[in-house]
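Beneath this line is the structure, given in C-alpha cells, with notes to follow.
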Amino acid sequence: GAARTDRFYTLTFETPQVRRLDLAFVQFLPNPKRDPPETIQDLVARANHFLLTSQLDYLNVETVSCVGSVRYLNSIRTASSEPVRTLMVVRVWYDRLAPRNTCPSVLAALAEQRERTDRDVDTIGNLYKG
C-alpha cells in the first residue's frame with residue numbers, strides 16, 4: 001500500500017507466497033449399462049452429485065470428447081483404424097494438496113469414482129470391440 005507523509009509517499013511491496021499445487025483429475029463416463037443411454041445432462045447431474053456429497057475442493061470442471069476407442073481417453077493424441085466413435089466425459093480438476101482434499105472421506109470418494117471409471121472404461125471398450 002501507499003502511505004503519504006508530508007511531501008513523500010512511502011510504498012510497501014509484498015511478495016505473494018507461491019503455493020505448491022499437485023494437480024489431479026477424476027472423470028465421469030456415461031453409464032454403459034443404462035437403457036436408455038445416459039445423456040450429457042445425466043452425466044453432469046451425476047458429477048454435480050459427486051461434488052456435493054464428496055465435498056471435493058475442485059478447481060475446474062470440463063467436458064472432454066473422446067474420439068475413437070475409450071482406450072484413448074487419457075491419451076493426448078491418437079491415430080486409429082477403428083471405427084470413429086465419440087464419447088463425452090466430464091473431467092473434474094482438483095489440487096491434491098488442498099486441505100479438504102486430504103480428508104479420508106474425500107479420498108475414499110475419489111477412489112470409489114476412479115474404480116467406477118475404470119470399470120466403465122472396460123465395459124465400454126468391450127461393448128465396442130470388433
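The values are calculated or read from the model by the stated rules, or taken from the named source; none is laboratory data. Here the structure is a predicted model, which is why all the values come from computation and not from measurement. Glycine gets a Cβ as well: all are built from the backbone with ideal geometry, and neighbour counts include every protein chain shown. In case anyone asks, the SASA skips ligands and DNA or RNA and just uses the protein heavy atoms, side chains included. Shrake-Rupley method; radii C 1.70, N 1.55, O 1.52, S 1.80 Å.
Applying a threshold of 7 Å to beta carbon distances and a minimum spacing of six or more residues, or different chains, the list of pairs starting in the range 32-47 at a residue that is of a type in the set (Asp, Glu) and ending at one that is surrounded by 12 or more Cβ atoms within 10 Å (Cβ to Cβ) reads GLU38/PRO30; GLU38/ASN31.
Pick out, from the range 1-94, the strands (runs of 3 or more DSSP E) lying fully within it that include 2 or more residues that are modelled with pLDDT under 90. Full working, then the answer.
On the way: elements: 2-4, 9-11, 23-28, 58-67.
Here the list reads 2-4, 9-11, 58-67.
Looking across the range 95-130, the residues that are at pLDDT below 95 and either open to solvent by 70 Å² or more (accessible area, probe 1.4 Å) or touching a Gly at 6+ places or on another chain (Cβ under 6 Å) (or both) come down to ASP118, ARG119, ASP122, ASN126, LEU127, TYR128, LYS129, GLY130. A single member of LEU21, LEU43, LEU51, LEU56 is in contact with a helix residue (DSSP H, G or I) (Cβ under 7 Å, 6 or more places away or on another chain) and open to solvent by less than 100 Å² (accessible area, probe 1.4 Å), and it is LEU56.
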